[in-house]
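K.L.:
Got a structure for you, questions after.
The values are calculated or read from the model by the stated rules, or taken from the named source; none is laboratory data. Keep in mind that this is a model prediction, so the values were computed, not measured. Here Cβ is always computed from backbone atoms with ideal geometry, including for glycine, and neighbour counts include all displayed protein chains. Heavy atoms of the whole protein, side chains included, go into the accessibility calculation; ligands, DNA and RNA do not. Shrake-Rupley method; radii C 1.70, N 1.55, O 1.52, S 1.80 Å.
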Amino acid sequence: MKILKAGRSQEDVSADDSKVSKIVADALKDVEVRGDQAVRELSKTFDKWEPESFRLSQNQINDIVSKVPADVINDIKFAQKNIREFAEAQLASMHDVEVENIPGVILGHKNIPVSSVGCYIPGGRYPMVASAHMSVLTAKVAGVKRVIACTPPINGEVPNATIAAMSLAGADEIYLLGGIQAMAAMAIGTETIDPVDMIVGPGNAFVAEAKRQLYGRVGIDLFAGPTETLIVADHTADAEMVAIDILGQGEHGPNSPGALITTSEKLANETVKEIERQLETLETADIARVSWDDYGQIILVDSIEEARIEADRLAFEHVEILTENPDYFLENMTNYGCLFLGPETNVAYGDKVIGTNHTLPTKGSARYTGGLWVGKFVKTVTYQKVTPEASAYIGEYAARLCQLENFAGHAEQALLRVRRYGKK
């Protein structure tokens, strides 16, 4: 293995993270103490937005949706159809279970939707309309009764298409509210916003840190940091495609890692040149260039097997496979958020329209979790039922095992059943 280009050091990244953490902690504490007033002041400070009410009425929503061009509505509906159908197929794979493993002992589990969920849909330079489909719609397919959604204003304006997507996805409450203040309001609650049981969705570094600090008070989907894109390629790939697929994701933000692992030194060198060429014309080059300069990586390996090992080590969010046999990675790779197999597909399809969810693990968390899916909104809970005869039988084993661990009270729970239900 040979590193041809390295990104920023972990020390530099950690220093940035600590600054964000302090700002977020102070804001969350403020909302906890002062509620709506703190939310309003934070919104004014960060978004220059302080309407009479952050929640949009149904009349306001209807008016906003009516302003969205018909072709945009049709595109949103197309994407939501694909996402809904895939989520429904995932839900259908989840089954309640009940077994009688010992005569008279019935064990089971039930899949129960979370009661309430708050969804964050990012705005700013990139109003991420698709995040409404990925979070609100998926939660509704899972059976969540109350789904609220927040998105920030953009330069003091209402993001009409995003609001339309939220509404079409089935959001029960829509708030024009962004950033830390939105996450705090949903998770902690205020005088006018009832708290939820779970918060989901992508966002900038402040939103991601807010989720991290709120975890435990509420559930979250996953810790989603800056978007990551890895291309695994061999001699069959072309530099033009590799370059745009890295830069196309690098435009998300100046700290979005993009990496190439390749068996071809020729491709690696051509990709560097092609990235420089495309940065001359890419409209979002101001962001994409910084992300590439600071976080871009190129790793040269000797074999496809070594490429797979390095890809699993990085455990990136998005992994595109541009090799002779993409299915080798489907069969053997284990650490990734989503795989994009072959040159015909790409990360943008997954981000916007194809049906898989775009809220995916970052910062190495793909080693232990997958991305947002319908199952994240479902609690799998267990139960047990036991006949009197089986209780007496099980109780003898339970009592001895409890006594082995010095739990006298536990043992007595079991022995009571042995005495009560055992043979007279």
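K.L.:
Of all residues in the stretch 402-424, which are in contact with a helix residue (DSSP H, G or I) (Cβ under 7 Å, 6 or more places away or on another chain) and either at pLDDT 95 or above or assigned to a helix (DSSP H, G or I) (or both)?
P.N.:
Listed by number, the residues that qualify are CYS402, GLN403, HIS410, ALA411, ALA414, LEU415, ARG417, VAL418, TYR421.
K.L.:
From ALA171, ALA187, which residue is outside any strand (DSSP E or B), open to solvent by less than 10 Å² (accessible area, probe 1.4 Å) and on the phi < 0 side of the Ramachandran plot?
P.N.:
Being outside any strand (DSSP E or B), open to solvent by less than 10 Å² (accessible area, probe 1.4 Å) and on the phi < 0 side of the Ramachandran plot holds for just one of ALA171, ALA187, which is ALA187.
K.L.:
Follow-up question, since we're still on this one. For the stretch 269-315, how many residues meet the condition of being open to solvent by less than 60 Å² (accessible area, probe 1.4 Å), assigned to a loop (DSSP other than H, G, I, E, B) and farther than 17 Å from VAL232 by Cβ?
P.N.:
Matching residues across the stretch 269-315 total 2.
K.L.:
Which condition number in (1) under 20 Å from the mean Cα position of the chain (by Cα); (2) at pLDDT 95 or above is the one that ALA164 fails?
P.N.:
Tallying (1) under 20 Å from the mean Cα position of the chain (by Cα); (2) at pLDDT 95 or above, ALA164 fails exactly one: (1).
K.L.:
Filter the stretch 27-36 for residues that are open to solvent by less than 80 Å² (accessible area, probe 1.4 Å) and assigned to a helix (DSSP H, G or I) and give the result.
P.N.:
Correct list: ALA27, LEU28, ASP30, VAL31, ASP36.
K.L.:
Also: Out of ALA182, ALA208, report the one residue that is on the phi < 0 side of the Ramachandran plot and open to solvent by 10 Å² or more (accessible area, probe 1.4 Å).
P.N.:
Step by step, each of ALA182, ALA208 is checked, and only ALA208 is on the phi < 0 side of the Ramachandran plot and open to solvent by 10 Å² or more (accessible area, probe 1.4 Å).
K.L.:
Suppose we filter GLY225, GLY248 for residues that are touching a Ser or Thr at 6+ places or on another chain (Cβ under 6 Å) and closer than 25 Å to LEU341 by Cα; which single one remains?
P.N.:
Testing whether each residue is touching a Ser or Thr at 6+ places or on another chain (Cβ under 6 Å) and closer than 25 Å to LEU341 by Cα leaves just GLY225.
K.L.:
Test of understanding: among THR369, THR359, which residue is within 25 Å of LEU247 (Cα to Cα) and among the polar types (S, T, N, Q)?
P.N.:
The match here is THR359.
K.L.:
Of all residues in the stretch 340-377, which are outside any loop (DSSP other than H, G, I, E, B), touching a strand residue (DSSP E or B) at 6+ places or on another chain (Cβ under 9 Å) and either basic (Lys, Arg) or surrounded by fewer than 19 Cβ atoms within 10 Å (Cβ to Cβ) (or both)?
P.N.:
LEU341, TYR349, GLY375, LYS376
Yes/no per residue for (1) in contact (Cβ under 8 Å) with a residue 60 or more places away in the chain; (2) in contact with a strand residue (DSSP E or B) (Cβ under 6 Å, 6 or more places away or on another chain); (3) not hydrophobic (A, V, I, L, M, F, W, C):
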position	(1), (2), (3)
HIS133	no, no, yes
THR151	no, no, yes
GLY179	yes, no, yes
ALA187	yes, yes, no
VAL200	yes, yes, no
ALA210	yes, no, no
ARG217	no, no, yes
PHE223	yes, no, no
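K.L.:
List every residue pair whose Cβ atoms sit under 7 Å apart, with the two residues 6 or more apart in sequence or on different chains, where the first one lies in the stretch 102-116 and is over 19 Å from VAL144 (Cα atoms) and the second, anywhere, is assigned to a strand (DSSP E or B) and of a type in the set (Phe, Trp, Tyr).
P.N.:
Hits for this filter: GLY108/TYR383.
K.L.:
Can SER21 be described as over 30 Å from ASN160 (Cβ atoms) and open to solvent by less than 40 Å² (accessible area, probe 1.4 Å)?
P.N.:
Yes: the conditions hold for SER21.
K.L.:
Going by the conditions given, is PRO202 closer than 30 Å to ASN269 by Cβ and part of a loop (DSSP other than H, G, I, E, B)?
P.N.:
Answer is no for this residue.
K.L.:
Hey, among VAL272, VAL319, which residue is over 12 Å from LEU230 (Cα atoms) and of a type outside the set (Ser, Thr, Tyr)?
P.N.:
Matching residue, one of VAL272, VAL319: VAL272.
K.L.:
Would the stretch 155-168 turn up any residue that is touching a residue at least 60 places away in the same chain (Cβ under 8 Å), of a type in the set (Ser, Thr, Tyr), outside any loop (DSSP other than H, G, I, E, B) and in contact with a helix residue (DSSP H, G or I) (Cβ under 6 Å, 6 or more places away or on another chain)?
P.N.:
Yes, the stretch 155-168 contains at least one residue that is touching a residue at least 60 places away in the same chain (Cβ under 8 Å), of a type in the set (Ser, Thr, Tyr), outside any loop (DSSP other than H, G, I, E, B) and in contact with a helix residue (DSSP H, G or I) (Cβ under 6 Å, 6 or more places away or on another chain).
K.L.:
I'm checking my understanding of the structure. Among residues of the stretch 211-222 that are open to solvent by 30 Å² or more (accessible area, probe 1.4 Å) and of a type in the set (D, E, K, R), which one is farthest from HIS358 (Cα to Cα)?
P.N.:
Among those that are open to solvent by 30 Å² or more (accessible area, probe 1.4 Å) and of a type in the set (D, E, K, R), it is ARG217.
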